[in-house]
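These notes are about the structure you will find just below.
The values are calculated or read from the model by the stated rules, or taken from the named source; none is laboratory data. All of these numbers come straight from a predicted model, not from anything done at the bench. As a convention, Cβ positions derive from the backbone with ideal geometry for all residues, glycine included, and neighbour counts pool all protein chains shown.
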Amino acid sequence: MSDRAKTLRSTIVGVDVGGTFTDLFWFDEAERRFATAKAPSNRGDESVGFLQGLKSLGPLAELGSIVHGTTVGTNALLERRGARVGLITTRGFRDVLEMRRRDRPHTWGLWGDFIPIVDRDMRIEVGERVLADGTLREAIQEAEVRAAARSLLAKGAQALAIVFINAYANPANERAAAAAARAVWPNGNIAVSSEVLPEIREFERTSTTAINAYLQPVIGSYLVKLGGALAAETFDGEFHIVQSNGGVMSTAMARRLPVRTALSGPAAGVIAAAAIARAAGYFDVITSDLGGTSFDVSLIADGVSKLSAQTTIDFGFVIRTPMIEITTIGAGGGSIAQVDKGGLLQVGPESAGSRPGPVCYAQGNTRPTLTDANVVLGRINAERPIGGNQTRLDVEAAKAAIAEHVGAPLGLDVMQAAEAIVRVANARMAGAIRLVSIERGHDPSRFAIMPFGGGGALHAGALIDEVGLSCAIVPRFPGITSALGCVIADLRHDQVLTVNLDLAGLDAGALAARMAETGSEAKTVVEAAGVAVDSVEVVYELDMHYLGQTHTVATTLPVTLRDGAVDIDEDVIRTAFEAAYRRDFSRLLVDIPVRIVSLRTAAIGRRPHFDLAALAPGPGLSVDDARRGTRPVWFAGGWREAAIWSRLDLPVGTIVEGPAILEQPDATTVLDPGLSARVDALGNLVVERMKQ
Amino acid sequence: MSVLDPVTLAILKGRLEQIADEMDATLYRSAFNPIIAEAHDACHGLYHAETGATLVQGTTGLPIFVGAMAFAVKAVIDKVAAEGGLDPGDTFIFNDPYDGGTHLNDFRLVRPVFRQGELFCWLASVGHWLDIGGNVPGGFNARATESLQEGVRFPPVKLVAKGRLNEDIVAILAANSRVPQSNYGDLNGQLNALDLGERRLAAALDEYGEKTISAAFDAFMQRAEALMRENIASLPDGLYSFEDYLDNDGVTDEKLTIALDLTIKGDAMTLDFSRSSPPCAGPLNIARSTAIACCYVALKHLFVDVPANAGCLAPIDFVIPDTTLLGVSWPKPVGGYTETILRVIGVVFGALAKIAPEKATAAPFGTINALSLAGYRAGGQRWVMFSFFGGGLGGNPRTDGLNHGNNPISMATIPPVEILEAAYPILFTQWALRPDSAGAGRHRGGLGAIYEIEALSKGGADAFLLGERGRYPPFGVNGGGSAALNVFSWQTEAGDAHPPLASKVADVKIRRGQRVRLETPGGGGWGDPLARDPAIVARDVRLGYITSATAQADYKVVATAEGELDVAATQALRARCAI
C-alpha cells in the first residue's frame, strides 16, 4: 500500500451484493462519518452494481479499504456454473463423489436423481494407498499422476482436485501428487484435500475439495476483474472478502479457498447484528432475516455467533468448512399460502420469489403470499412499498387472491384469512427459532430477536410472544446490516486437522506442539492479510467423543497461543469435554474411554473497535415532527387505528406504544397492541411487552 | 372434544412434529453404534394413550419404524392392562419382534406421559443395537431356524420404575452382547431422547392445554384417513395381482413367493397376501405387525402427501394369514426380515403399477445385504463390523433412477470408508459404481455398487452375509428391463468362491490379505429402452455407466468404448432388429 493510501486508511466501505440490491456502507473512522448507497444488483455480473455503488460514494482513489460480501460463489453453486473440474483419486475410489453417503433426496417417494459436479470420465484413479493409521502402503508414481493430469487437461479441465483416501492421516502422497501435477498444469487452480480439509470422511472431503476447485476459476476471474476495475479507478487500498465463518480474508486466500465464501453475504449480516446487539447491551440474540423466499435465523450466545462444521447446498452437494450457523426455512414474503388436500393451511415453502413476486406486485402471480396478507391487513403501506421496484401495491388484487385461495376453502372472510396466513407464517418462523434455541438447549426467554433486512421487523413483535423471547431489537438501518458487517468483521482463519488420539495417557506435549504449529500457521495467515488489527487471538477447539461414538462434541479449550507455545494437559481437556458433553446430553458415560478426533484452530484478528454511536440519531429531533398520522390496521380479529411514525425522525428515548407502525425507507416495524418500542441511545428500537 | 380452528391445527402440527424430530436428532448425536449415529436406524414419536396408535411421528425417523412403533406401544399397553402398576417416571424396554415388529436388534423404550395423574399419551424410542447375542455377530444369522439362535428376547419389562433405573436389567443386557459398551451407549442415547421429548411435550401442553392437543391428535388422524381415502378413490376399482420371489430362506434352497392380490373398491383397499409361501425354516419370516408396517411404507412412498399417522391405515384391510411366512409367531426365526419386507413393499409397488404403468416407478435394488465381518484384534479383543449396502433406485417417469441410493424402508446413510477403516482392521480396495447393473429403459435404473474389502488382522476375518436378489432381479415397468443380480464372492487359495445359497452365507473364513466382494443390483428400468435418445445411451457408455456391448444388446445403439455414437451403424442395427 502506498503512503498516500495509508494516510487515507480511515475510510472503509462494506459492499454487500444481494439478489436485488447491492448495499454499501461507507465509513470514515477518523471523522466518524458514514454514508450509505444502494445500486441495483446485476445478476450474472456482480461487479456492475459493485462499481456503480462505489462510485456514487465518491472517488475510489480516496478509499482506504473495501470489504466485500459476495454471492458469486453461492450463485455459481446454486446455478451450477462452476468450472470444468478434473479429479485424481485413489485406485478403486473414483465414484466416491457420485455415490455420496448412499442417501436419497426425499424420505417419502423414490424419485429424484443426482448429477455430480465432476463427470465420471473426468475422475481418474491412480495407484496409491495410505492406511487409516497413516502408514504408507503404496507410494504414488509421478509419471502416472502426470499422465492423468494431461489426460484431464485434454478433456477440457480448467481446475484440478486431488483427493486420496486417508490423506487426513498422512498427506505425503497427496502432496507428492500435487507437485507432479503442478509440473504439467497450466494454471494455479489445483485443490488438494489435505490442504482444503484434512479431516476424516472421504465423501465430505472430496465434495468440499471438488467444490473448491469448481469455484477457483470463477472466484479467481471475478476478483481479477474487480481488482482491475478498481485499479483503473486508481484505488490502491486494501480489498478483502468476507468468509462464511463471518471473518474477513485476503483476496489471495479467497482465490485459494473460494469454498469458504459460500455464505459470505449472510455471514456479514450476522456479524453486524451481533455487534449492534452487544453495543446495545444484549449478548444473547437470535438474528432473523426475512427475505423473498426464506427466513434465516442464527443464534448468538454470550456475544458469539455459533459456527457449524458443514452445510448442504443441495442434495448431495456438501461443503464442510466452518460457517456461521444459519438455519433456513422456506417462509419469506413471497411464500405462497394455500390450503392442502387435507384442509390444512400451508404458507411456503413454495414461493413466488421477487419475480413475479406477490399478487400485489401485479407482475402475473395470482396466488396469495405472505406479503399480500401483510398488505391486506394494512401492516405494509401500499402507497410506499419497500425493497421492490413498485411505486404502489395492488391491495384489491391481493384481497381477491386471499379470498379465493384461502378464505373460501377454510370458510373465513378475507380479513380472517389474511390474519390466518400471518399467524401460520409466524408459527413457522417460531419453529425455526425454537430449532436454533430450545433444540440446542438455550432458554428463549434470555434471548432478544434482531430482525434485519427489509421484512423481519414486520413479524418480530409477534415472535416475541410466540416463542417467549425477551424483546426485539430493530437496528437503526436494518437494510444495510450486511454491508455494515463487512466493515465491522474481524479477520479470521480456520484450520482443522484429524488427530485420532486417546485422552487417557495422552502425550500432552506432542499435542501442545501440534497446536502451537497450527496456531502459528493460522496467525501468520491473518497477519499477512495486511489489515489493521488490535490483536490476533488463537482459539482451539477439539472434536471429542466416547470411544465408539461417531458424532463428536465440540470442546472449546481454555487455552491460547502464547509466545509461540500452548500449555495443555489431560485434566484440562477432560474437564472441558465433560462440561461440553453434559451440556449437550445431560448424562456422562462411565468407564468408557474418551477420544480426541480432530483439532480445530482459529486465528482471529480483532479489528479496531467500531463505535456504533456514529449511526445514532442526531440532536434536534422531536417526537411531534416524526408523527405521520394514523391508518387502520387489522390486529387480532379487528381493525385498530394505528399511529404511523417516521422511525428515523424519532429522538433518542422516545417510547411508542402499539398499535403502531414505524416506517423508514428500507424497513417497516409493526408494533402489535400490547407492545411498546423505545428508541435507545444508538437509535435501535427495543420492542417489549408492555407491563399490565 | 373441542373443534380446533385450522390455523391452530396447522401451528400444532409443526410444533408436535418438531418434538419427535428433536428426539431423533438427540439419539443420532449421542448414539454409539454407526447404525444409529450414521445410518439413522431409529425412530421416535407420540402414541395414543389407549390404543397405541401413532399420533405424531418425526419427519426424519426410519420409515419402517413409522409403521411398526404402534404395535410396540400396544404391547406395553396390553401388559399394563393385564398386570397393572403403571406410574409416572416408568420406562419399559423390550425387543420382542413378534409383538413389536422387525427383529431382535431393535430395542424399544416406551414411556408414559401423565398429566394431572392421568395417562395422556406415550412417548417411544426405537434404535438398532449392534449385537444382542445369538449365533452370529450382529444378529443377521442366515442359517437360524428358531428365534433363540438369533439373539436374546426381552418381553416388555420396566427398565425405569418411578424414575429409578433398574441396574439389574442393564447388567443382563450387558451380559448378553458381544459389544456391551456400544449397547450401553445407545441405551443412554435413547433415554436422553425420551427425557427431552417429555420436557418438550410438557411445555407444549402447558401452553395449549390437554384438551386442545388431544383435539389436534384426533384431527390429524381424521385428516390422514380422509386424504388416504381420497387417494384410493382416485384409482379405478378392480383386482390387481403381483408376485415376486425371494431366492431362498438361507436353510432350504427353495424359492419363496410373495404374492399380493390388491383390491380397490371405492375409497377402500384390501391387501391380501394369502397366496404367499408358507412359513419357512430359515430367518426370512416376518410377524404380522411387520407386514402391516411395510405396506404402510409402500403406500407412503406412493401417496407422499398423506401425513404419517395411524389414520392413513384406516381405509385398508389386511389379509395376512398365519399360514404364510408373513404372519409367523415365536419361535420362528425373523432375523432376515429386512429382505422379506423389501419384497412385500415391491409387490405393493408392482400391483399398483398395473393401474398406470406409465406413471409407475421401477423396482429399487431390493436387498439390504447385511454383511458382518468379525475377528480378533492383536490384543485379543473381539471386533464386529456390521453394515448394509446401497444399490440403484428404479427408473421413473421423470428421470433415470438414483445411483447408489438407500432402500425404501430407511433413510440410512452408509458409514464412510475412512470411519470403517479407522475402527476395524480392514481395508477397502474398491468402493465404486457397478457398470451394467441397472435395468435398461427409456429412463434406466440407477446403478448398484461394488464393495471389495480386504482383511488386515493377523487372524483374518469371518464373513456373514444375509442378502437377496441373487436369483430374481429387480423388475422394470412400462416396458423397462430388469436390473442385474446381486453377487457375493470371496477369495480362497483355490480362486473365487460364491455362496451355494446365492446371497446368504455364514462363517466364511478369509485370511489376512484376502478379500470379500459384494456387487449390488441397480434399479429396474422405466419405458422402452429403444425410446432412449441414442446420444444419451452413448453418453452412458462414455461415462462408463454401461458398456458398449450393453448399448448394443439392450438399446440397439452402436457406440465406441469412448462413447462415440455411430449413427449409421445404429440405424442399420435398428433396421435389422425391426424385421
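Residues considered: B:325, B:271, B:239. Of these, the only one that is assigned to a loop (DSSP other than H, G, I, E, B), at pLDDT 95 or above and touching a strand residue (DSSP E or B) at 6+ places or on another chain (Cβ under 8 Å) is B:325. Suppose we filter the stretch B:441-473 for residues that are within 14 Å of chain A (Cβ to nearest Cβ) and not in a loop (DSSP other than H, G, I, E, B); how many remain? The number of residues fulfilling the criteria is 8. Remark: pairs (first residue in the stretch A:184-213, more than 22 Å from residue A:316 (Cβ to Cβ); second residue hydroxyl-bearing (Ser, Thr, Tyr); Cβ separation under 7 Å; 6+ apart in sequence or on different chains) = A:194/A:168; A:198/A:168; A:198/A:498. Among residues of the stretch A:492-515 that are on the phi > 0 side of the Ramachandran plot, those with a beta-carbon under 9 Å from a residue that is part of a strand (DSSP E or B) at least six positions away or on a different chain give the pairs A:500/A:595; A:500/A:596; A:500/A:597; A:500/A:598. Out of the residues in the stretch B:143-182 that are part of a loop (DSSP other than H, G, I, E, B) and among the acidic types (Asp, Glu), which is surrounded by the fewest Cβ atoms within 10 Å (Cβ to Cβ)? Ranking the candidates gives B:146 first. Residues in the stretch A:413-452 that are more than 16 Å from residue A:347 (Cα to Cα) and within 9 Å of chain B (Cβ to nearest Cβ) were compared, and the one that is surrounded by the most Cβ atoms within 10 Å (Cβ to Cβ) is A:434. Among the residues of the stretch A:554-590, those that are β-branched (Val, Ile, Thr) and touching a Ser or Thr at 6+ places or on another chain (Cβ under 8 Å) comprise A:566, A:573.
The residue that is surrounded by the fewest Cβ atoms within 10 Å (Cβ to Cβ), counting only those in the stretch B:541-553 that are facing chain A (nearest Cβ under 10 Å) and in contact (Cβ under 8 Å) with a residue 24 or more places away in the chain, is B:544. The condition of being touching a Pro at 6+ places or on another chain (Cβ under 9 Å) and farther than 30 Å from residue B:421 by Cβ holds for residue A:158. For the stretch A:46-92, a residue qualifies if it is more than 20 Å from the chain's Cα centre (by Cα) and in a helix (DSSP H, G or I), and the qualifying residues are A:47, A:48, A:49, A:51, A:52, A:53, A:54, A:55, A:60, A:61, A:62. So how many residues does the stretch B:428-440 have that are among the aliphatic types (A, V, I, L, M) and at the interface with chain A (Cβ under 7 Å from one of its Cβ atoms)? Residues meeting the conditions: 2. Against the criterion of being touching a Pro at 6+ places or on another chain (Cβ under 9 Å), farther than 24 Å from residue B:400 by Cβ and either touching a residue at least 12 places away in the same chain (Cβ under 8 Å) or charged (D, E, K, R) (or both), residue A:153 qualifies. Within the stretch B:475-501, restricting attention to residues that are part of a loop (DSSP other than H, G, I, E, B) and out of contact with any Asp or Glu (no Cβ under 9 Å at 6 or more places or on another chain), the residue that is nearest to residue B:520 (Cα to Cα) is B:483.
Among all residues of the stretch B:355-378, there is at least one that is farther than 20 Å from residue B:272 by Cβ, more than 20 Å from the chain's Cα centre (by Cα), of a type in the set (Lys, Arg) and part of a loop (DSSP other than H, G, I, E, B). The strands (runs of 3 or more DSSP E) found wholly in the stretch A:106-222 and carrying at least 2 residues that are within 12 Å of chain B (Cβ to nearest Cβ) occupy A:123-126, A:136-138. Give the residue, chosen from B:260, B:205, that is surrounded by 20 or more Cβ atoms within 10 Å (Cβ to Cβ) and of a type in the set (A, V, I, L, M, F, W, C). Only one candidate qualifies: B:260.
Being within 14 Å of chain B (Cβ to nearest Cβ) and out of contact with any Cys (no Cβ under 8 Å at 6 or more places or on another chain) is a property that holds for residue A:544.
Taking each residue of the stretch B:403-414 that is over 22 Å from residue A:115 (Cβ atoms) and within 7 Å of another protein chain (Cβ to nearest Cβ) and looking for partners that are hydroxyl-bearing (Ser, Thr, Tyr) and assigned to a strand (DSSP E or B) with beta-carbon atoms closer than 8 Å, six or more apart or interchain, yields nothing.
Can you go through B:65, B:32 and tell me which one is assigned to a helix (DSSP H, G or I), buried (at least 24 other Cβ atoms within 10 Å of the Cβ), among the aromatic types (Phe, Trp, Tyr) and within 22 Å of the chain's Cα centre (by Cα)? So the residue among B:65, B:32 that is assigned to a helix (DSSP H, G or I), buried (at least 24 other Cβ atoms within 10 Å of the Cβ), among the aromatic types (Phe, Trp, Tyr) and within 22 Å of the chain's Cα centre (by Cα) is B:65. Criterion applied to A:266, A:258 was being modelled with pLDDT under 90, over 22 Å from residue A:556 (Cβ atoms), of a type outside the set (S, T, N, Q) and crowded, with 24+ Cβ neighbours inside 10 Å, and the one residue passing it is A:266. In the stretch A:455-469, is there at least one residue being out of contact with any His (no Cβ under 6 Å at 6 or more places or on another chain), at pLDDT 90 or above and farther than 30 Å from residue B:8 by Cα? No - not one qualifying residue is present in the stretch A:455-469.
Of all the residues in the stretch B:208-252, those that are surrounded by fewer than 22 Cβ atoms within 10 Å (Cβ to Cβ) and at positive phi number 2. Filtering the stretch A:649-669 to residues that are surrounded by fewer than 17 Cβ atoms within 10 Å (Cβ to Cβ) and within 30 Å of residue A:39 (Cβ to Cβ) leaves only A:665. Checking each residue in the stretch B:434-459 for being of a type in the set (A, V, I, L, M, F, W, C) and surrounded by 24 or more Cβ atoms within 10 Å (Cβ to Cβ) picks out B:438, B:440, B:447, B:449, B:453, B:455. Counting only residues that are within 14 Å of another protein chain (Cβ to nearest Cβ), among the hydrophobic types (A, V, I, L, M, F, W, C) and touching a strand residue (DSSP E or B) at 6+ places or on another chain (Cβ under 6 Å), the stretch B:278-322 holds 1 of them. The combined condition, being closer than 22 Å to residue B:199 by Cβ, not in a loop (DSSP other than H, G, I, E, B) and not aliphatic (A, V, I, L, M), is not fulfilled by residue B:60.
Counting only strands (runs of 3 or more DSSP E) that fall entirely inside the stretch A:626-692 and contain at least 2 residues that are in contact with a Pro (Cβ under 7 Å, 6 or more places away or on another chain), the qualifying elements are A:627-635, A:638-646, A:667-671.
Filter the stretch B:32-56 for residues that are at pLDDT below 85 and closer than 19 Å to residue B:196 by Cβ; which is farthest from the other protein chains (Cβ to nearest Cβ)? The residue in question is B:40. Just one of (1) surrounded by fewer than 19 Cβ atoms within 10 Å (Cβ to Cβ); (2) over 33 Å from the mean Cα position of the chain (by Cα) fails for residue A:181. It is (1).
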